[in-house]
Amino acid sequence: MHASNVFKSFLLGFTLLLAAGAFAANKGPLQITDSTSVGGKQLKPGDYTVTWDGDGPNIQLNIMKGSKVVTTVPAHVVTVDHSAASNSTVATENKDGSKSLSEIRFSGKKYTLEIGENMGGSQTGSSDKSDR
């Protein structure tokens, strides 16, 4: 009986450890106002959620619509001096007039997420939208 209790305790501890890991991901809102490309995937206007594990600087950013991952892209967490006043995005205008997401900013946070395909690129257009 003692071995059974030890096994149950181990199983409970392991389950709690896995659950804690599942909630360790960072998360934030993303609002797309115009059709925008992210990692080769065209996102329609709407509300999305971004999630990532770790503090960076290099992360894999998951863009989700509801509970479905729409795309995963490399990104960099960049520390900034001042926190953003509102949730916003920065998009780069491509030569053909289309837009590519290059940066995500979160209200009250002293970091931004630079999207992999545009890291270090020029930012010619932006779309700032407050989170609802």
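Some observations on this one:
- Residues of the stretch 51-88 classified as of a type in the set (Val, Ile, Thr) and in a loop (DSSP other than H, G, I, E, B), total: 1
- Criterion applied to Ser107, Ser100 was being modelled with pLDDT of 95 or more and either in contact with a Cys (Cβ under 6 Å, 6 or more places away or on another chain) or surrounded by 17 or more Cβ atoms within 10 Å (Cβ to Cβ) (or both), and the one residue passing it is Ser100.
- Scanning the stretch 59-78 for residues that are loosely packed, with under 11 Cβ neighbours inside 10 Å and within 24 Å of Gly108 (Cα to Cα) turns up just one, Gly66.
The values are calculated or read from the model by the stated rules, or taken from the named source; none is laboratory data. Predicted model, so just to flag it, every value in this text is computed and none were measured. Cβ atoms come from the backbone with ideal geometry, glycine included; neighbour counts cover every protein chain shown.
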